[in-house]
Amino acid sequence: MTSANPVASDLAPRACVQHVEFGRVSVYFGERNGKYPDGNQVLVRGRDTRAAMDTPIASNFIGAAFEASELVVMGHVHEDHMAGLHRLPQAAVHVHHADLPAAQSWPGLLAAMGVTDQALGDEVLARYQRDFFYAPRPDAQGYADGACWELGGSRIRAFHMPGHTAGHTVLLVEPEGVAFIGDIDLSGFGPYYGDAGSNLRDFRESLRRLPEVPAKVWVTSHHRGVYTERERFLRDLAAFTAKIDERSARLRTLLAGSPKTLAQLVACRLLYPPGFQSWWVDSAEARTIAQHLEELLAAGQVLVDAEGVWRLSTS
């Protein structure tokens, strides 16, 4: 694949989209193992129904194997997971109820991301239409935790694991035991919970529960790709989870230097390098830092005064 962004009419299948097979399950790898803005595509060939899990940029280059999909089960809704939906206008699209508004309309996706500025929203829409072939799916249907889709010889089972988004869900293909764990991507960056619909407490609980899913293979949307060894999966999951407490420790270090407002902490950067800037960064930093501060406040490790200045607790 190329990192260029062709218009939809120029897209064509490419033989270089590598994939691996696990029974009726195929995993097609996006560029650089699905590194954002791309992602990895999971397809299931049931005897009765062919299904896709999410639709990253890579789906535009797979060809007939993807375009035969009659069902799309979304693990969660973000622009990079909707990039192939325009190729499946007749497919049934199923989304967890908590993410359903984000799939059905542009205002719904903006609200989930926390974008309230109209001019910025217009700019982001143009960017997503260009780079991700974005089109909402007003026909999308909602599903709940525990939902199952019988495909004939295989089925997909939903394990709601929120945090990254309110509706983020792990999708397990049985009997193959292939779990699509989505944006619990086990990257070195760590968990992302910087949207309006994100939740740090929920993410912690989802990470705790993830090893309980009866899987033999784990597939991430980005970065890592496929895990077939449970020991390696658990090791990388532990390192991914540890990033959360590392961020809390970083905040305590910043406040040990001097008391700071949320805006000052955002300027210091918790997620991204100091000075790094893009349209989403300040809001993502603010939401992430605020959630950590709330945890630290509840634990009695920090205090905040009436002016919104945060400091370490001395007790």
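Bear in mind these aren't lab numbers, they're just calculated from the coordinates by the rules spelled out. Model, not experiment: these values are computed from the prediction. Heads up, the Cβs are rebuilt from the backbone with ideal geometry, glycines too, and the neighbour counts pull from every protein chain shown.
What to note about this one:
- Simple label model, 7 Å out from Cα along Cβ direction - R209 to A299, nm: 2.2
- Pairwise centroid distance, computed over Cα atoms, of segment 224-299 with segment 73-132, Å: 25
- Order of H19, H81 under a 10 Å beta carbon neighbour criterion, fewest first: H19, H81
- Kirkwood's formula applied to the C-alpha pairs of segment 245-312 gives a hydrodynamic radius of 12.0 angstrom.
- Among beta bridges identified by DSSP and lying wholly in the chain, the antiparallel ones come to about 70 percent.
- Of all lysines in the structure, the ones whose alpha carbon falls short of 26 Å from that of K216, not counting any fewer than 8 places away in one chain, are K35, K243.
- Inter-site label distance for Q141 and Q277 at 7 Å from Cα along Cβ, in nm: 4.7
- Span-like helix check, the chain: qualifying full DSSP H segments, with Cα axial length of 15 Å or more and mean Kyte-Doolittle of -0.5 or more, are 230-257, 281-298.
- Pairwise label distance in nanometres, R201 with A126, each label 7 Å out on the Cα-Cβ vector: 4.1
- Among 165-175, 295-305, the peptide with the highest mean count of other Cβ atoms within 10 Å heads the list, and the full ranking is 165-175, 295-305.
- Residues whose amide H comes within less than 5 Å of that of S154, counting only those at least five positions distant or on another chain, are R47 (H built at 1.01 Å from N in the peptide plane).
- Taking the Cα centre of the chain as reference, the dipole from Cβ charges on Lys and Arg (+1) and Asp and Glu (-1) amounts to some 700 debye.
- Straight-line cross-link partners of K260 among the aspartates and glutamates, defined as a Cα under 20 Å from its Cα and at least 8 positions apart when in the same chain: D245, E246, D282, E285, E294, E295, D305, E307.
- Ordered by the count of other Cβ atoms within 10 Å of each Cβ, fewest first, W310, W280, W218 give W280, W310, W218.
- A Cα-only calculation for the chain places Rg and Dmax at 20.0, 64 Å.
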